[in-house]
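Quick notes on the structure that follows.
FYI, it's all coordinate maths here, none of it is from the lab. Here the structure is a predicted model, which means the values were calculated and not measured. For neighbour counting, all protein chains shown are included, and Cβ atoms are generated from backbone atoms with ideal geometry for every residue, glycine included.
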Amino acid sequence: MQIPEWYTGTDQTGQVAAGIERVIERMDQRTADDTDIRDVQDLLALEQEVNWRSFLLGLMGTIHYDLEEIDSAKQILEESISSYKAYLESFDEVLSVYCQSCYTLGVILFDDGRYGEAIPFFLRCLPYMHEVYDETYIGHIYTFLALCLSWTNQAGYSVVFSEAAAFTRRYDCESMEQLMIAFGDAGDIEKATDVFHLLQRHCQDYENYDRVLEFAEQNLGESGVVN
């Protein structure tokens, strides 16, 4: 069985590479299930290279997440992420699953209200995300970080990622609302007011516009009063 160029693990039979291709195709088709999890477990018995083993664990954890088996997903993704060795050359070949594992675990913790714990996993995506993600995913990462930092009382850092999210997401209304809040929490009322005025001009059809007005009225003084 021929070994594809992208695979740099230890299995020379071709079974691991072929199994990875098969499982990822089913994941992309949203058809991966417990059978695929067992298949990946079998591949782990053949793979010895540390980053490729972590890659396989990442696939397993993501499938569990897609099947809404959240506890299993969390446990396996934590094991996967902690096992990666970024200083080895093989790390470059597994970046996509590494980033996806960090992102997914961050989302799991975010959804559970564990914002401080989620922050390091979203941060782990930052150095590599432009290699593997399009602007939509990058915008999501910035937004999650902005919210986590805001809700853990790290207002100054929240502003940084709120600005990045607004820019990456092309100044959509949701990211602009978060930017306004971030400026307000950081005590920069002038900039918060500027963003509020932009929201007034461009986002009156935004589904959460009433929430924007409420924040402005409570936090921006006379500048937040709507006549």
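Summary table below
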{"read-out": "Highest-MSF residue in the chain out of Thr35, Thr168, Thr62 [GNM, Cα springs under 10 Å]", "value": "Thr35"}
{"read-out": "Cα gyration tensor, region 134-222 - rounded (a/c under 1.5), prolate or oblate", "value": "oblate"}
{"read-out": "Cα gyration tensor shape of region 26-120, rounded if a/c is under 1.5, else prolate or oblate by comparing a/b with b/c", "value": "oblate"}
{"read-out": "Relative exposure of Arg22, Arg53, Arg30, judged by other C-beta atoms within 10 Å (fewest first)", "value": "Arg30, Arg22, Arg53"}
{"read-out": "3J(HN,Hα) from dihedral phi, region 82-95, Karplus parametrisation 6.51/-1.76/1.60, rounded to Hz, x for glycine, proline", "value": "5, 8, 4, 10, 5, 7, 8, 4, 5, 4, 4, 6, 10, 4"}
{"read-out": "DSSP loop GluC sites (Glu not before Pro) with at most 12 other Cβ within 10 Å excluded, longest remaining stretch of the chain", "value": "69-206"}
{"read-out": "Tensor-based shape of region 97-161 (alpha-carbon gyration tensor, a/c under 1.5 rounded, otherwise prolate or oblate)", "value": "oblate"}
{"read-out": "Sequence of Trp6, Trp151 once ranked by neighbouring C-beta atoms within 10 Å, starting from the fewest", "value": "Trp6, Trp151"}
{"read-out": "For region 106-118, Karplus couplings with θ = phi - 60° (6.51, -1.76, 1.60), whole Hz, Gly/Pro x", "value": "x, 5, 4, 5, 4, 4, 8, x, 9, 5, x, 6, 6"}
{"read-out": "Helical mean residue ellipticity (222 nm; -39500 (n - 2.57) per DSSP H run of 4+; nearest 500) of the chain", "value": "-22000 deg cm²/dmol"}
{"read-out": "Neighbourhood charge, 11 Å Cβ-Cβ cut-off, centred on Glu49 and excluding it, Lys, Arg +1 and Asp, Glu -1", "value": "-2"}
{"read-out": "Those Cys residues of the chain for which no other cysteine Cβ falls under 4.7 Å", "value": "Cys99, Cys102, Cys125, Cys148"}
{"read-out": "Region 156-167 - phi-based ³J(HN,Hα) in whole Hz, Karplus 6.51/-1.76/1.60, Gly and Pro as x", "value": "x, 6, 4, 4, 4, 7, 5, 5, 5, 5, 4, 5"}
{"read-out": "Neighbour-count order for Ser90, Ser80, fewest beta carbons within 10 angstrom listed first", "value": "Ser90, Ser80"}
